Amino acid sequence: MLDYSELYPINNEYRITQNLDGMWYMQFDQESKGIDDGWTNGLPNPISIPVPASFADFFTDHYSRDYCGDFWYEKDFFISKDWKEKETWIRFGSITHRGTVYCNGIEITSHEGGFLPVLANITDATKYGEMNKIVVKINNELNETSLPCGATKVFDNGRKLAKPYFDFFNYSGLQRSVWLLSIPRENIKDYSVDYALNGKDAEVKYEVITTGKNKVKVKLFDADKKIVAEQIGVQGVLQVKDAHLWQVRNSYLYNIVIQIIENEQIIDEYTEKIGIRTIRIDGTKILLNEQPVYLKGFGKHEDFSIFGRGFNWSIVKRDFECLKWSNANCFRTSHYPYAEEWYQFADEEGFLIINEVAAVGMMRSTRNFVAAGEGGNYTYFFETPTVEQLKLSHVRDVQEMITRDKNHPSVISWSLFNEPETITDHAYKYFKDIFEAARSFDPQNRPMTGAFEKNSKPELCKCYPLCDFICLNRYYGWYISGGPEIEEAEILFRDEMNRWEKKNLNIPFVFTEFGTDTMAGMHKLPSIMWSEEYQVEYLKMNFKVFDSYDFIQGELAWNFADFQTTEGIMRVDGNHKGVFTRDRQPKAAAVVFKHRWEKIL
Ligand code: BDP
């Protein structure tokens, strides 16, 4: 169990939050001299930088945009005397990729992994009724033992450069909101829910973890704020008569209210919206509330111009409007857990999420997305002497992700990897442990999966039996037999699918990637690769193949929108496989999806 609470910050009679978003101080530390020079007490020569945001695209010079190494953030804030009786925590939505937090010069905590919350108990380090200073030492280097995987090149002059083994820009900084929390000393640390349907009624099984021994009361309210069930105890079952189910694209949210009670007095309360729904795999079907659902949507990125991977509610809003317009019902959080607000909004809008941990780049090649698409075979799990360390990081990230997101009705599955090597016994051994650990963390036993690249052929892949449904990333007609060879692409694609079919696995397959780079506004008759016409023709070929196999139960296109990547000869100001442009305007393909998905219910 984590030794901190990942519950999302809320305000009520017992809990106060103070948001620290806004301008922070920041300073690069290429020589890593900050500790020796006392930067933990304050930065000597800082610039101002917005939070939440990735720092890269604010700058006008190469060095700063591509900065790799140590860098520091700093913020001063006031904490009221009223907070003294309670615990004070600081909560970072994420620190990318790793960071150490100092409060008034005192080291408080360190955290590895750039896409999950960092919590630090600063109760004793805080000066109440005075100004306080938080300093965070951050590092954004990539290596082969933490997620996502990559390398760091060091030039003769000491400058460092991130060399991702993955296809997205190595955005970093404080990319999500930062909060101060005042919470009761005896507090609700975590809770989980699981559901069973019983005719028109439902059971909400719950478990609450508190930091003390006092009594726990749990209540459930419907959307009209009427109480529907109540229980005493840290574990129990709430019986819901005539339950309103959380349905795909038709959500219904209840409010769970958890209280700690000491001598008939409430001493802590936590409230959150939850949705009653079940999810399971039955043969080749994905069943939501026992009804088959076909997944329609995209792999996404947290990505936008200027603020990079920084959280922004306006992007969330626009993206959901585009998703709804296109008749999608699902997205994959490729290739890392997103900011929590994405899941909250998906809960509200009735969207399904395949939630992916940042296990991407597990192939030793800086262009592995190309190698993978072409079926290149790069070993990883036995070449690296650091596999055990990587496994620890991987399990820890999976645990933190599941702990954080387990109560969202929108989350229907966990994706535990993207495109690693899966054909060796070493890979099997590695992923067997990852899956076993993951299964022990989820109280809802949601289906587990991972996204397989082309080299994970039906005859060779050793890891697909670990999955409850199989996710394929396939680029027949793009990396393989593209353009004038598209007819051959279809033959090869069908050949692979026939080989999967012959295995009679009797589980669902979902395409988690398929797509073409497309320059918005580039038109060609007849089509050529990169034109909008080619993207449409490629998709229509893919749809024909998808529709030929009953066990294919979903299609998540790559990508929802164009996004930024490392510079290189394969990428023109980023990856252009977006169905929407980077500023969220439709390419011709968007209309094709809209019309197709309108008919697939
Ligand atoms: C896949 C990767 C994805 C890439 C995509 C591509 O999973 O991250 O962006 O290929 O090449 O291999 O566009």
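The values are calculated or read from the model by the stated rules, or taken from the named source; none is laboratory data. Remember, predicted model here, so these are calculated numbers, not experimental data. Backbone-built Cβ (ideal geometry, glycine too); neighbour counts: all protein chains shown.
Got a sec? Which of Thr96, Thr109 is of a type in the set (S, T, N, Q), surrounded by 17 or more Cβ atoms within 10 Å (Cβ to Cβ) and closer than 28 Å to Glu186 by Cα?
Going through Thr96, Thr109 in turn, the sole match is Thr109.
Looking at the range 324-341 only, could you name the residues that are within 22 Å of Met401 (Cβ to Cβ) and either in a helix (DSSP H, G or I) or within 16 Å of the ligand (Cβ to nearest atom) (or both)?
Phe331, Arg332, Thr333, Ser334, His335, Tyr336, Pro337, Tyr338, Glu340, Glu341, listed by residue number.
Quickly run through the range 152-194 and pick out the residues that are over 30 Å from Glu13 (Cβ atoms), at pLDDT 95 or above and in a strand (DSSP E or B).
The answer is Thr152, Lys153, Val154, Lys160, Leu161, Ala162, Gly173.
Looking at the range 529-565 only, could you name the residues that are buried (at least 20 other Cβ atoms within 10 Å of the Cβ), small (Gly, Ala, Ser) and not in a strand (DSSP E or B)?
Answer for the range 529-565, where residues must be buried (at least 20 other Cβ atoms within 10 Å of the Cβ), small (Gly, Ala, Ser) and not in a strand (DSSP E or B): just Ser531.
Looking only at residues in the range 393-433 that are surrounded by fewer than 22 Cβ atoms within 10 Å (Cβ to Cβ) and of a type in the set (A, V, I, L, M, F, W, C), which one is modelled with the lowest pLDDT?
Ranking the candidates gives Ile423 first.
So which residues in the range 504-528 are in contact with a Ser or Thr (Cβ under 8 Å, 6 or more places away or on another chain), under 21 Å from Val572 (Cβ atoms) and surrounded by fewer than 19 Cβ atoms within 10 Å (Cβ to Cβ), if there are any at all?
Of everything in the range 504-528, those that are in contact with a Ser or Thr (Cβ under 8 Å, 6 or more places away or on another chain), under 21 Å from Val572 (Cβ atoms) and surrounded by fewer than 19 Cβ atoms within 10 Å (Cβ to Cβ) turn out to be Met519, Ala520, Met522, His523, Lys524.
Give me the strands (runs of 3 or more DSSP E) completely within the range 218-314, filtered to those with at least 1 residues that are within 16 Å of the ligand (Cβ to nearest atom), buried (at least 18 other Cβ atoms within 10 Å of the Cβ) and touching a residue at least 60 places away in the same chain (Cβ under 8 Å), ordered by residue number.
Strands (runs of 3 or more DSSP E) meeting the threshold: 295-299.
Quick one: how many residues across the range 545-601 are more than 23 Å from Ile412 (Cβ to Cβ), polar (S, T, N, Q) and within 15 Å of the ligand (Cβ to nearest atom)?
Number of matching residues: 4.
Of a type outside the set (A, V, I, L, M, F, W, C), under 19 Å from the mean Cα position of the chain (by Cα) and under 24 Å from Gln553 (Cα atoms): does that describe Lys406?
In short, yes.
Checking Gly350 against (1) touching a helix residue (DSSP H, G or I) at 6+ places or on another chain (Cβ under 9 Å); (2) at positive phi: exactly one of these is not met. Which one?
Result: Gly350 passes all but (1).
Mind checking which residues of the range 455-473 are surrounded by fewer than 24 Cβ atoms within 10 Å (Cβ to Cβ) and within 12 Å of the ligand (Cβ to nearest atom)?
Hits for the range 455-473 are Asn455, Leu472, Asn473.
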